[in-house]
Amino acid sequence: MFVVVGVTGGIAAYKSVHLVRLLVKAGHEVHVIPTDDALRFVGLPTWEAISRHPVTTSVHDDVPQVRHVALGRQADLVIVAPATADSLAKMAAGLAGDLLGTTLLATTAPVVVAPAMHTEMWRHPATQANVATLSARGVHVVGPADGELTGGDSGPGRMLEPEEIVERALAVLRPQDLAGLTVAVSTGGTREPIDPVRFIGNRSSGRQGVALARAAADRGAHVTLVAAHTDDGVLTDAAGLTVVHAGTAADLLTAMTDAAATADVVVMAAAVADYRPVSASDTKLAKESAGGPERTLALVETEDVLSNLARDRRNGQIVVGFAAETSHGEELLERGRRKLARKGADLLVVNEVGWGRGFEAGENEVIVLGAGGHVVAAASGTKRAVADAIWDAVLAAR
């Protein structure tokens, strides 16, 4: 495959060397187009050595081959990483003052951009408007991640790691096998209030649910993402999706019921708190009011969202549930089979979780149970890779 990698002038350009290497090692023909500013971070000889092709920034080089048009026409895929705030603005405006700009205008190939900038720049209304404009034109925006940035500060704006960018970019070329389907996906963890400052919740980051929603959209589906609490920056990957926010289990049930009314597939990836206080205090519960070192909190079960969705599903609708368990091996499977039978879902995604596994982690490992509790799929790796495997299982079930 002919891949063009555009590199703009940000410190994250050093990561793009590894990105190009990954693409070359995978057997793709890779042509790098850095901007002049990008060459201040990584020099031209490095790009030529890693890509194994001549590299230039100018439209005035290789004029007989009309290079500024030829690269765009030949490309099967264009990746811009890092994509700075300045480069996003130029793309949105259609500026073509260098080889990268002309290539982007000349190509009809899918374009994937991986933003990288400081948090304030990412959140600026101008940047958000430019990203919205590009998304509306069909440009695929991957990231940014939430993490440590140059200068020691932290927040959304960190470029995704090269492995994830490659995986996400190549996924754009996948067949549109979910085209025409409407799907509803829930994600994150619900929070059941104890008082105005405390709640009962869980450690779900929302990453797996967002990966499921993003994968479905990339494969052609119309997606509604119902988001409970998610970690900072997780929802940046939901650009272009319909996002509905829900706080408690009751909120999630209402939102998912509404979304499921028109959905062909319903995926309950959210981690729902099993219990909530019988009543939430209108004021903060103070220590001195407990009358001692212990306090009793009366709890009641929350709404069973998955069971309700499975019970009320329309004819032909597929309902997918999740089961996060701390058991493993055969016990993990047996607990999953019992939950599948109890909830009435069509598929159940079972994954082992722990202190450093499943929740808040970049990777996941799951087993998908189908009719009769049989294992119909298994997947491990990045949460995007797991998401695609789950959608493959959904298609097989349909």
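Just name the residue that is nearest to Glu325 (Cα to Cα) out of those in segment 183-238 that are open to solvent by 20 Å² or more (accessible area, probe 1.4 Å), of a type in the set (Asp, Glu) and out of contact with any helix residue (DSSP H, G or I) (no Cβ under 6 Å at 6 or more places or on another chain).
Asp231
Could you list, in sequence order, the residues of segment 280-299 that are open to solvent by 60 Å² or more (accessible area, probe 1.4 Å) and not in a loop (DSSP other than H, G, I, E, B)?
If the condition is that a residue be open to solvent by 60 Å² or more (accessible area, probe 1.4 Å) and not in a loop (DSSP other than H, G, I, E, B), then Lys287, Glu288, Ser289, Leu299 are the ones that fit.
Of all the residues that make up segment 290-313, how many are within 19 Å of Arg191 (Cα to Cα) and of a type in the set (Asp, Glu)?
Final tally of qualifying residues: 3.
I'm trying to understand the selection: among the residues of segment 87-125, which are buried (at least 18 other Cβ atoms within 10 Å of the Cβ) and among the charged types (D, E, K, R)?
Lys90, Asp98
With the requirement that a residue be open to solvent by less than 10 Å² (accessible area, probe 1.4 Å), more than 25 Å from Ile165 (Cβ to Cβ) and assigned to a helix (DSSP H, G or I), what does segment 367-386 give you?
Result: Gly373, single match.
Looking only at segment 154-176, filter to residues that are open to solvent by 60 Å² or more (accessible area, probe 1.4 Å) and not basic (Lys, Arg); which one of those is farthest from Val223 (Cα to Cα)?
So, considering only residues that are open to solvent by 60 Å² or more (accessible area, probe 1.4 Å) and not basic (Lys, Arg), the one farthest from Val223 (Cα to Cα) is Ser154.
Take Gly157 and decide whether it is of a type in the set (Gly, Ala, Ser) and in contact (Cβ under 8 Å) with a residue 24 or more places away in the chain.
So Gly157 passes the test.
Given (1) farther than 19 Å from Ala269 by Cβ; (2) under 16 Å from the mean Cα position of the chain (by Cα); (3) of a type in the set (Gly, Ala, Ser), identify the lone condition not met by Ala211.
Only one criterion in (1) farther than 19 Å from Ala269 by Cβ; (2) under 16 Å from the mean Cα position of the chain (by Cα); (3) of a type in the set (Gly, Ala, Ser) is unmet by Ala211, namely (1).
Residues checked against (1) under 29 Å from Phe199 (Cα atoms); (2) in contact with a Pro (Cβ under 7 Å, 6 or more places away or on another chain):
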position: Lys287; (1), (2): yes, no
position: Leu297; (1), (2): yes, yes
position: Val320; (1), (2): yes, no
position: Asn364; (1), (2): yes, no
position: Ala377; (1), (2): no, no
position: Ala385; (1), (2): no, no
position: Asp392; (1), (2): no, no
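For segment 256-302, give me each residue that is in contact (Cβ under 8 Å) with a residue 40 or more places away in the chain, closer than 30 Å to Ala216 by Cα and of a type in the set (Gly, Ala, Ser).
Passing the criteria: Ala259, Ala260, Ala263, Ala269, Ala270, Ala271, Ala273.
Identify all residues within segment 131-153 that are loosely packed, with under 14 Cβ neighbours inside 10 Å, modelled with pLDDT under 85 and not charged (D, E, K, R); write none if there are none.
Thr150, Gly151, Gly152
Checking the conditions here, which among Thr108, Thr102 is more than 23 Å from Ala387 (Cβ to Cβ), in a loop (DSSP other than H, G, I, E, B), over 17 Å from the mean Cα position of the chain (by Cα) and among the hydroxyl-bearing types (Ser, Thr, Tyr)?
Thr108
Here is a check on your reading of the model: is Gly9 open to solvent by less than 60 Å² (accessible area, probe 1.4 Å), part of a loop (DSSP other than H, G, I, E, B) and either touching a residue at least 40 places away in the same chain (Cβ under 8 Å) or not hydroxyl-bearing (Ser, Thr, Tyr) (or both)?
So Gly9 passes the test.
Across segment 113-152, which residue is nearest to Val3 (Cα to Cα) among those that are of a type in the set (Val, Ile, Thr) and assigned to a strand (DSSP E or B)?
Top of the filtered list is Val113.
Only one of (1) open to solvent by less than 20 Å² (accessible area, probe 1.4 Å); (2) farther than 29 Å from Glu161 by Cβ fails for Gly316. Which number is that?
(1)
In this structure, is Val3 at pLDDT 95 or above, touching a strand residue (DSSP E or B) at 6+ places or on another chain (Cβ under 6 Å) and under 18 Å from Val113 (Cα atoms)?
Here the answer is no, as Val3 does not meet what is asked.
Give the residue that is surrounded by the most Cβ atoms within 10 Å (Cβ to Cβ), with candidates limited to residues of segment 21-59 that are of a type in the set (S, T, N, Q) and farther than 19 Å from Asp76 by Cβ.
Among those that are of a type in the set (S, T, N, Q) and farther than 19 Å from Asp76 by Cβ, it is Thr35.
The values are calculated or read from the model by the stated rules, or taken from the named source; none is laboratory data. These numbers were taken from a predicted model, which means no experiment stands behind them. Cβ sites come from the backbone with ideal geometry, for glycine too, and all protein chains shown count toward neighbours. For accessibility, only protein heavy atoms count, side chains too; no ligands or nucleic acids. Shrake-Rupley method; radii C 1.70, N 1.55, O 1.52, S 1.80 Å.
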